[in-house]
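S.K.: Handing you a structure now.
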Amino acid sequence: MDFRRALTLVVACAAWPVHAEPSGVALQQRIKAAFLTKFPAYVEWPSSAFRQPQAPFVIGVAGAEPVARELEQAAAARTVNGRPLRVHRLAAGEPADDCCHVIFVGSDSGPERAAELVAQARGKPILTVTDTQDPPAGSVINFRVQDDRVRFDISRGAAERNQLQLRSQLLAVAREASDR
Amino acid sequence: MKRIFRSVRRKLFAAVLLTSLLALVICGAGLFVYDLQAYRDKSANDLAVEADLVGYETAAALQFDDPASAAQNVAFLKARSNVRAAAVYTAHGSLFASYRRSDVDRAEVPAAPSRAGVAIHGDTVAVFHDITVDGEHVGSIYLAEDLRMFNRVWTYAAIVLLMILVALLGAAAFSAWLQHGITRPIVDMASLARDVVEKRDYSVRARRRTDDEIGTLADAFNEMLSQIERRTEALVSSNAEIQRLNKDLERRVMERTAQLEESNLQLKTASQAKSTFLSMMSHEIRTPMNGVLGMLELLSLSKLDMQQRTTLNIVRDSGRSLLRIIDDILDFSKIEAGKLEVAPEVASIQELIGRVVAIYSGNASSKALTLSSHCDPRISPAVMVDPLRLQQILNNLVSNAIKFTREGSVEIRAELVERREGSDLVRITVTDTGIGIAREKSAALFEPFQQGGSEVARIFGGTGLGLSIGKRLAGMMGGEITVTSELGRGTTVTVLLPLPIADPALLPRADAHARSEGAAATVAARRAPPSADDACAEGTLVLVVDDHAVNRLVLRRQVTALGYACEEAEDGREALEKWRSGRFSLLITDCNMPVMDGYELARAIRSAEPEGARSTIIIACTANALKGEAENCFAAGMNDYIAKPVQLRRLAEKLDKWLPLPAQADAGTGTVQDACAAGDAPFDRAVLDQASGGDADLEREMLAQFRRFNDDDVQRLARALELRSLEDVVSAAHRIKGAGRTLGAEALAAACERMEAAARDGDWDAIAACREAVEAQLVQVGRYIDAAMAKA
């Protein structure tokens, strides 16, 4: 499947089901995966985040296998911020501070793991994305489902701590943006 | 329109204004067009940028599926009032979010996106714009906006109008400035020029304000003015000069005119003086000549021997020549003065020629020359001519011919050349067999005073004026004189005259007595004068009035010689005194006298006489040969006049006319010298002796003249008989009778008297009978005369 068709599919999946299929975990997983690929466009990483100019953009996924799969599918066809996208599955207990630019902690990883990874990423140029009702402190973005639609909250304080700058557009579409 | 722009100032103002306006309008229009285009472009561009911005802001909403956010984004466009509508579409093309202004119809929001780009429809510009994020097409945005071109146009127009207004104000200001710099000097100069023209004041000058062309113009104008000023001054001064010269000229003209008038006056005076002098000369010379010739005439009546008579004749001839010379000079003076006039009257050419022949026959016969005449009978018997002047011409010609012919003949011929328009062209030739004149000299004949030792002078002698005067006279009569001559053979002088034909009835009666020449014939039958008392009783007493003693004496002798008694008076006053005695029947008075002249005397007598009764005869005796004298005499109341020198014959004519003596019954009882032998002699000796005064020479001369005249009359009689012209027979017979009686040829006279009577009766048989008797008598008379001539 080529990139365009895949994109069309992803976007279609991301937009259309909102009303057509009010609920559906799989769909939500796909949307979350799509969001994960779109976030970097609205975030700026310090240059120190990349060892080489052409270093790949790495999204680390902890748990949330469907999302990981979706990402891997998308990774083959697209780039992020001009860099090739790589998906790195974070094994249990594996630290995320060295290689990843984005860390997604699936809701199935549990709050501890989420808190661990967020803590590990704290102060490092890593966009931490969680998927929990009660996100740990330091999580930059946290998915929420509201009215069967995938939305997200943003912590600008966490982002600052991780040396990340978030664009206003992203903040504008967030469900909630706090300074925490 | 031309009236508005009559002044340079307005023209300039209008030029500046129009130029500005034109430039502004053109610029404004260009800018307007450009601006509208640019505005549209800019609007489109702005809209595209706007779309891009809004799209960019909306990209996240699209990507993260947040239509509310998107709607919120586009709703911000409400702040821009000219945005009509906006819409955001998903990448699939479905409407994601939209906005429309409250006044905009829903249909203006497209349901689906079109291709990216800008489209302008009417006053609306619309743009579709793709929204991409990180190279990924995430959706489209649509924006529609009012261009508001109308507003724009209005705004622009207002601005342009404002600009034009401002620019016009600026132009006005500029033009005012220009007026100061350009127009003002011109206007000043124009008014200056007008002033110059009106006031003729060339001393004013234009002020030079600038260094440009107008300044140059002002300089040139000033230069021109100064030139005009100089020229005007020059003109004025030259005018004054001209006036001065004119006055000078005028003055000189007046001076000259005065001089001319003066000299003219002098000339007139001189001319007057000349005329007076000539008149005086005429008078003064004629007066002594009167004495000379009168006395000579009287002397010739006395008994003289042969030598004495010859001397007397020479003296008399010389005196007459002198008188003729004087007459010639006077005539010539009159010709020169243009005063000589011809007075044509009715006359007979034949008689005139006869008179000339009568005058010169004596001269001719004394030189043994034949003087013959022939008159063409075709010439009218009466023509208009001045007889005295024509006779003067012919006298001169004949006298010359006789003078220069030694032997042979002198012939006068009158021929009719042609008759035309009531006028006879008559050629009178005088031909002689004399010495002739060289051809080259004949031309000079007619020049006056040609007597300087040449042959001509010899020919004409005297004054040399005769022929010259003749030529002038002929010219005045409309004719001409020509000369043909051959040296040694003779000369022919031809007078060609046009003579108007006149009525023969108007011819003056020829007086037989007038034809006889010579004093002797005149006094032949006269009685001895009676005593004064007898004459007074008889009523024939004559008073001779003259201040000149000699003249008085001459006249007295002449009068007494004619059988009258007379007394004398020295001037008019004395004459008047004597006339008052009532003894005098006739006065012969000189005209120019001291104390009281002849005219006054006549007037006094006429005024003293009873009205209508002119009992006293007054005859003027004047030496004044000038024309008009006769009129003066008649005007003064005189009866007649006689010219000095007084010829006895003329005097006899006048006296016989005015105071005839009683019948001279005792005529013939006078001085009988000696009896002629033959009792049957054709002449009565007593009559002949009385006529000749006993002088044999005189008697011969009288007889010669008688024969000459008689020959003519006999010829005329013969012709008349031949032509059977009763009238001419009467005339000729009468003349022969008269001449015969004068010399006592009584038989001849009787025969002629019978013939005359027969002719009057028209009896040709009787005439024929008389003819034989007349011819027989003529033969006898001829023989007698031949015998008398032979005695000499």
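S.K.: Determine whether the range B:713-730 contains at least one residue that is outside any helix (DSSP H, G or I) and either of a type in the set (A, V, I, L, M) or modelled with pLDDT of 80 or more (or both).
M.R.: The first filter runs over the range B:713-730 and keeps only residues outside any helix (DSSP H, G or I), leaving B:724-725.
Going one step further and asking which of them are either of a type in the set (A, V, I, L, M) or modelled with pLDDT of 80 or more (or both), we end up with B:724-725.
Yes, some residue in the range B:713-730 is outside any helix (DSSP H, G or I) and either of a type in the set (A, V, I, L, M) or modelled with pLDDT of 80 or more (or both).
S.K.: Also, quick follow-up: Give just the number: which of (1) without any contact (Cβ under 8 Å) to a residue 60 or more places away in the chain; (2) aliphatic (A, V, I, L, M); (3) assigned to a strand (DSSP E or B); (4) farther than 29 Å from A:Ala34 by Cα does B:Ala97 not satisfy?
M.R.: Of (1) without any contact (Cβ under 8 Å) to a residue 60 or more places away in the chain; (2) aliphatic (A, V, I, L, M); (3) assigned to a strand (DSSP E or B); (4) farther than 29 Å from A:Ala34 by Cα, only one is false for B:Ala97: (4).
S.K.: A follow-up question, please. For a quick check of your reading: which helices (runs of 4 or more DSSP H) sit entirely within the range B:537-639 and have at least 3 residues that are buried (at least 17 other Cβ atoms within 10 Å of the Cβ) and among the hydrophobic types (A, V, I, L, M, F, W, C)?
M.R.: Ranges flagged: B:549-561, B:572-580, B:598-608.
S.K.: Right, another one. Considering each of B:Ala718, B:Ala758, B:Ala750, B:Ala769 in turn, give the residue that is farther than 27 Å from B:His374 by Cβ, hydrophobic (A, V, I, L, M, F, W, C) and surrounded by fewer than 16 Cβ atoms within 10 Å (Cβ to Cβ). Walk me through how you get there before you give the answer.
M.R.: Values: B:Ala718 fails: farther than 27 Å from B:His374 by Cβ; B:Ala758 fails: surrounded by fewer than 16 Cβ atoms within 10 Å (Cβ to Cβ); B:Ala750 fails: surrounded by fewer than 16 Cβ atoms within 10 Å (Cβ to Cβ).
After ruling out the rest, the residue left standing is B:Ala769.
S.K.: Further question on the same structure: If I filter the range B:63-72 for residues that are away from chain A (no Cβ under 11 Å), part of a helix (DSSP H, G or I) and over 30 Å from B:Thr155 (Cβ atoms), do I get at least one hit? If you could, list the steps in order and put the result at the bottom.
M.R.: Taking the range B:63-72 as the starting set, the residues that turn out to be away from chain A (no Cβ under 11 Å) are B:71.
If we keep only those that are part of a helix (DSSP H, G or I) too, we end up with B:71.
Filter once more, keeping what is over 30 Å from B:Thr155 (Cβ atoms): B:71.
Checked the range B:63-72: at least one residue is away from chain A (no Cβ under 11 Å), part of a helix (DSSP H, G or I) and over 30 Å from B:Thr155 (Cβ atoms).
S.K.: Based on what the data block shows, is B:Val160 out of contact with any strand residue (DSSP E or B) (no Cβ under 9 Å at 6 or more places or on another chain) and more than 30 Å from B:Ala71 (Cα to Cα)? First the steps, then the outcome.
M.R.: Details: out of contact with any strand residue (DSSP E or B) (no Cβ under 9 Å at 6 or more places or on another chain): yes; more than 30 Å from B:Ala71 (Cα to Cα): yes.
It is true that B:Val160 is out of contact with any strand residue (DSSP E or B) (no Cβ under 9 Å at 6 or more places or on another chain) and more than 30 Å from B:Ala71 (Cα to Cα).
S.K.: Identify all residues within the range B:140-156 that are under 30 Å from B:Ala91 (Cα atoms) and charged (D, E, K, R); write none if there are none.
M.R.: To start, the set of residues in the range B:140-156 that are under 30 Å from B:Ala91 (Cα atoms) comprises B:140-147.
Across the range B:140-156, the qualifying residues are B:Glu145, B:Asp146.
S.K.: Which numbered condition in (1) within 30 Å of B:Gln72 (Cα to Cα); (2) touching a helix residue (DSSP H, G or I) at 6+ places or on another chain (Cβ under 6 Å); (3) more than 14 Å from chain B (Cβ to nearest Cβ) is the only one that A:Ala177 fails?
M.R.: If we test A:Ala177 against (1) within 30 Å of B:Gln72 (Cα to Cα); (2) touching a helix residue (DSSP H, G or I) at 6+ places or on another chain (Cβ under 6 Å); (3) more than 14 Å from chain B (Cβ to nearest Cβ), just (3) comes out false.
S.K.: Sticking with this structure for a sec: Given the criteria assigned by TED's automatic domain parsing to the domain that holds B:Arg148, within 16 Å of B:Tyr142 (Cβ to Cβ), touching a residue at least 12 places away in the same chain (Cβ under 8 Å) and in a helix (DSSP H, G or I), does B:Ala48 qualify?
M.R.: Yes; evaluated as a whole, the condition is true for this residue.
S.K.: For the subset of the range A:146-172 comprising residues that are crowded, with 17+ Cβ neighbours inside 10 Å and away from every other protein chain (no Cβ under 11 Å), which member is farthest from A:Val43 (Cα to Cα)?
M.R.: A:Asp153
S.K.: What is the number of the single condition among (1) more than 14 Å from chain A (Cβ to nearest Cβ); (2) farther than 14 Å from B:Leu143 by Cα that B:Asn82 does not meet?
M.R.: Single failed check for B:Asn82: (2).
S.K.: Do the conditions hold for B:Leu36, that is, is it more than 30 Å from B:Tyr99 (Cβ to Cβ), in a helix (DSSP H, G or I) and modelled with pLDDT under 85? It would help to see each step written out before you state the result.
M.R.: Numbers: more than 30 Å from B:Tyr99 (Cβ to Cβ): no; in a helix (DSSP H, G or I): yes; modelled with pLDDT under 85: yes.
Taking the combined requirement at face value, the residue does not satisfy it.
The values are calculated or read from the model by the stated rules, or taken from the named source; none is laboratory data. Computed from a predicted structure; not experimentally measured. Glycine gets a Cβ as well: all are built from the backbone with ideal geometry, and neighbour counts include every protein chain shown.
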